[in-house]
1. Which residue pairs have Cβ atoms under 9 Å apart, sit 6 or more places apart or on different chains, and have a first residue in segment 1-23 that is basic (Lys, Arg) and a second that is open to solvent by less than 30 Å² (accessible area, probe 1.4 Å)?
2. Where residues in segment 36-57 are among the hydrophobic types (A, V, I, L, M, F, W, C) and at pLDDT 95 or above, which of them is nearest to residue 5 (Cα to Cα)?
3. Give the residues of segment 71-122 that are in contact with a Leu (Cβ under 9 Å, 6 or more places away or on another chain), surrounded by 14 or more Cβ atoms within 10 Å (Cβ to Cβ), touching a residue at least 24 places away in the same chain (Cβ under 8 Å) and among the small types (Gly, Ala, Ser), sorted by residue number.
4. Please give the number of the condition residue 62 fails out of (1) aliphatic (A, V, I, L, M); (2) surrounded by fewer than 18 Cβ atoms within 10 Å (Cβ to Cβ); (3) more than 14 Å from the chain's Cα centre (by Cα); (4) modelled with pLDDT of 95 or more.
5. So residue 65 clears everything in (1) in contact (Cβ under 8 Å) with a residue 60 or more places away in the chain; (2) among the β-branched types (Val, Ile, Thr); (3) part of a loop (DSSP other than H, G, I, E, B) except one condition, right? Which one?
6. In segment 80-123, what count of residues is obtained for those that are in a strand (DSSP E or B) and either within 15 Å of residue 68 (Cα to Cα) or not hydroxyl-bearing (Ser, Thr, Tyr) (or both)?
7. Using beta carbons and a limit of 8 Å, which pairs, at least six apart or on different chains, have the first residue in segment 42-59 and among the aromatic types (Phe, Trp, Tyr) and the second one assigned to a loop (DSSP other than H, G, I, E, B)?
Amino acid sequence: QVQLVESGGGLVQAGASLRLSCAASGRTFSSSYAMGWFRQAPGKEREFVTAISWSGETTYYADSVKGRFTISRDNAKNTGYLQMNSLKPEDTAVYYCAAARRFILTTKQVDYWGQGTQVTVSS
């Protein structure tokens with residue numbers, strides 16, 4: 001079993017930055033897992049934000065965050081990160097960390113989910 005624990009969410013003003021972390025643990029987790037971030041706003045479906053391959057060489061971003069968000073990982077620490085800059089009120093959502101044995105682009109491809117962390121951006 002794999003456990004993912006997010007941290008770093010909070011309440012910020014528009015234009016500010018936040019960095020989310022996702023600590024992975026568990027007997028079966030290894031750096032060969034791809035990692036990703038999704039978000040879910042009230043009344044909306046969970047949506048893809050970004051993903052990174054196990055090596056870190058491949059990344060992919062939703063158009064809505066491209067140029068503002070950066071995903072990274074530190075395999076020595078089994079931790080993934082999401083740096084969010086120039087935050088907008090429409091970025092307000094619960095952000096979920098995800099892990100899978102293959103590259104993640106949709107919720108159906110996710111093997112493990114974190115519990116989520118709230119990000120609120122005020123205007």
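1. As it stands, the answer is 19/82; 19/84, since those pairs meet every condition given.
2. So the residue we want is 37.
3. 80, 98, 99, 114
4. (3)
5. (1)
6. Total satisfying the criteria: 15.
7. 48/62; 48/104; 48/105; 48/106; 54/31; 54/32; 54/33; 54/75
The values are calculated or read from the model by the stated rules, or taken from the named source; none is laboratory data. None of these values were measured; they are calculated from a predicted model. For neighbour counting, all protein chains shown are included, and Cβ atoms are generated from backbone atoms with ideal geometry for every residue, glycine included. Side chains included, ligands, DNA and RNA excluded: accessible areas come from the protein's heavy atoms. Shrake-Rupley method; radii C 1.70, N 1.55, O 1.52, S 1.80 Å.
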